[in-house]
Every structure is written in C-alpha cells, then in structure tokens.
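First up is the structure itself, then whatever we jot down about it.
Bear in mind that the values in this text are calculations on the coordinates, not laboratory data. Only a predicted model underlies this, so the values are computations on that prediction, with no experimental measurement involved. Cβ atoms come from the backbone with ideal geometry, glycine included; neighbour counts cover every protein chain shown.
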Amino acid sequence: MNSILSGAIAGLAMMLSGAEADELKDYGEYLSGECTSCHKLDGSGDGIPSIVGWEPDLFIVTMKLFKSGERENPAMVSVARSLDDEQLKALAHFFGSLPEKD
C-alpha cells in the first residue's frame, strides 16, 4: 500500500466527536466554493465527476494522489496542492455528508 493511502486511512481511523464532525463539515462547506464551481452539489455534471456522498477516506486519498502528481488533471493538481491536510479533511467530511444523486 502506498504511503499516501496508508497515511490517509490511519488519519481517518481516529473517531471524531459529534461537535468535531460538525465543525469539520461547516469548515468544509466554507471551503467548498472553488470545488462547487465545477463539482455541483446536486451531483450533476457534464462530464465532471460527482464528489457528493463520497466516503471521506476516498476523497482524501484521491486528493492526495492529485497533490503528489500520481493522478493527472491540471485543475485538480493545482487545487489539491493549495490545500493542507485539515482543509482536505474538512472538505471530505462536507462532501461525504451530502446525499448522492439517484
């Protein structure tokens, strides 16, 4: 398992209290403006993948792959590299809290 994946999973293995989870979601919602210019909150998108309802660990691992350059997409690499671990965690919890589109 690569170090990015194992680090992200280990970091998420710690349980959050309800208040901490709410604070993370609120912070993630605050940060989400740049994301939602392409990734729509209702899960729709013309060729742009939905990120609503993703498990937080999948979101973080995916973003860290963009951050490291292991996944390539110029826009996503730029965005991922601009975010620190706390911001990634907050965004992951916000988008993970949204219902997936049917």
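If I ask for residues that are farther than 19 Å from S50 by Cα and assigned to a helix (DSSP H, G or I), which ones from region 77-86 would you list?
Of everything in region 77-86, those that are farther than 19 Å from S50 by Cα and assigned to a helix (DSSP H, G or I) turn out to be R81, D85, E86.
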* Check whether at least one residue in region 88-101 is free of Cβ contacts under 8 Å to residues at least 60 places away in the same chain, small (G, A, S) and loosely packed, with under 14 Cβ neighbours inside 10 Å, and report yes or no. => no
* Asked: Do we have any residue at all in region 38-51 that's part of a helix (DSSP H, G or I), more than 11 Å from the chain's Cα centre (by Cα) and either touching a residue at least 40 places away in the same chain (Cβ under 8 Å) or loosely packed, with under 13 Cβ neighbours inside 10 Å (or both)?
  -> no
* Structure fact -> Of the residues in region 52-76, those that are assigned to a loop (DSSP other than H, G, I, E, B), of a type in the set (A, V, I, L, M) and without any contact (Cβ under 8 Å) to a residue 40 or more places away in the chain come to none
